[in-house]
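Structure first, commentary second.
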Amino acid sequence: MIEIQDDGAVVTYGGPTRFDDSGAHPLTVSPPPSSGRPSATPSPAVAEAIQSAAARHQISAELVSAVAWRESGFNPMAVSPKGARGVMQLMPGTARALGIDARDTIANIDGGADYLSRMMRRFDGDLVKTLAAYNAGPEAVDRYGGLPPYAETANYVRAILRRLGQPIGASAGLP
């Protein structure tokens, strides 16, 4: 939203803003109350969608579930500050490239499983690289020849490996 003031100056507002006679007032949107931790288990509908999508894309349902757990806590309504949506937290560009509507829960899960499957093939089954690509993008994994040096990505990969009961540390390619 932009505002042109009486002197011709242009003011840009980056978020929700209320305008009244006294001027512009940025609005703060409070997130719904949450424990801050992902839910440990999906709803039956989300669990079924994960099973179906995993089978369709020939990828482990446990992997899809672990990514959904870490990404959104299995929350179909989740929206990240960067705009990622749904259970699998698909970015709008990724959803478009996959030909899906990220707001549709079933399509979101299917798209996330499809993307995971593509990353698994791209990185020859290397789980650390696949997870790093899901989090930071495949270009970052290619640029660094493996896990990018981002704390967020390393923590993301560790959390999912832990959930899957996989080795964590240097043997898994983690610092």
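Read-outs: derived from the displayed coordinates by stated rules, not from any lab. Bear in mind that the values here come from a model prediction, so they are computed numbers and not experimental data. With ideal geometry, Cβ positions are generated from the backbone for all residues, glycine too; neighbour counts draw on all protein chains shown.
Just a few scattered comments:
- Tabulated pairs, the stretch 50-74, first touching a residue at least 60 places away in the same chain (Cβ under 8 Å), second part of a helix (DSSP H, G or I) and among the aromatic types (F, W, Y), C-beta under 8 angstrom, 6+ apart or interchain: V67/Y134; R70/Y156
- Tabulated pairs, the stretch 83-105, first within 23 Å of S43 (Cβ to Cβ), second of a type in the set (K, R) and in a loop (DSSP other than H, G, I, E, B), C-beta under 8 angstrom, 6+ apart or interchain: R85/R103; G86/R103
- Selection of helices (runs of 4 or more DSSP H) fully inside the stretch 34-149 by the criterion of at least 1 residues being under 20 Å from G165 (Cα atoms) returns 44-56, 61-72, 105-122, 127-136.
- D110 vs. criteria of a type in the set (D, E), on the phi < 0 side of the Ramachandran plot and crowded, with 21+ Cβ neighbours inside 10 Å: yes
Conditions (1) among the aliphatic types (A, V, I, L, M); (2) touching a helix residue (DSSP H, G or I) at 6+ places or on another chain (Cβ under 6 Å), marked per residue:
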| site | (1), (2) |
| --- | --- |
| A61 | yes, yes |
| A66 | yes, yes |
| A84 | yes, no |
| D110 | no, yes |
| M119 | yes, yes |
| D126 | no, no |
| A132 | yes, yes |
